[in-house]
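This report concerns only the one structure given below.
The values are calculated or read from the model by the stated rules, or taken from the named source; none is laboratory data. The structure displayed is predicted, hence computed values, not measured ones. All Cβ positions, even for glycine, are placed from backbone atoms using ideal geometry, and neighbour counts span all protein chains on display.
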Amino acid sequence: MIWPERLDWFFGVNMGIYFDPKQPAVVPDGFLSLGVERFIGEQGRLSYVLWEEDNIVPTLALEVFSKTYGGEYERKRERYDDLGIRYYAVYLPNPSRRPKRLPLEVYRLENGEYQLLGGDTPVWLPEIGLSLGRARGTYLGREREWLYWYDKSGNRLLTPEERAIQAQERVTQVQEQAEKLAAKLRSLGIDPDAV
């Protein structure tokens, strides 16, 4: 989770963004909206409807390049530009499929057109207050390259899975220290259970 303490953001995955009641939704692989309620109702959001979100346009749209070309560099980029989405990112998990493209391209909307930001990752996104980058890691037991969030100093933020592992490691360390202390007390003739 990006900001566990904040309630003014929402990250949608494969969710339709409805911008006009007469038009079909656009469905990015992922998007981040700032300034909206994080949780809505028991069921949550089934779609992102701009006129129900005070016309707050997502800040970031993300497309993951799939096996089948889906217009990630032209048609979708134009649609996100028309909506006014500040950042547009295209991630190629397998760069050999598009050798003339960078593995992660992040664009910023400036003067009505998307401009490619730096070619290396992580890429700082000031309006979001985080960087988006790629690195090798393990998620749900699968090791490969993934996209990650980074802080301003370039430190990769831990995933929920990594935070859980880290917390379990701390618990294990405390238990080991307690066992060592109990063994030391026993060696001194003191029953640790009686103390």
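Given the structure, is residue 170 in a strand (DSSP E or B) and not aromatic (Phe, Trp, Tyr)? Considered against the rule, which asks whether it is in a strand (DSSP E or B) and not aromatic (Phe, Trp, Tyr), residue 170 comes out as no.
Out of all the residues in the range 122-167, which are part of a loop (DSSP other than H, G, I, E, B), crowded, with 16+ Cβ neighbours inside 10 Å and not β-branched (Val, Ile, Thr)? The answer is 122, and nothing else. Only residues that are surrounded by fewer than 13 Cβ atoms within 10 Å (Cβ to Cβ), aromatic (Phe, Trp, Tyr) and at pLDDT below 95 were counted across the range 1-60, and they come to 1. For the range 163-183, check the following and say yes or no: at least one residue is in contact with a Phe, Trp or Tyr (Cβ under 9 Å, 6 or more places away or on another chain) and among the aliphatic types (A, V, I, L, M). No, because not a single residue in the range 163-183 is in contact with a Phe, Trp or Tyr (Cβ under 9 Å, 6 or more places away or on another chain) and among the aliphatic types (A, V, I, L, M). The residues in the range 1-55 that are among the β-branched types (Val, Ile, Thr), over 20 Å from residue 106 (Cα atoms) and without any contact (Cβ under 8 Å) to a residue 24 or more places away in the chain can be counted, and the count is 1.
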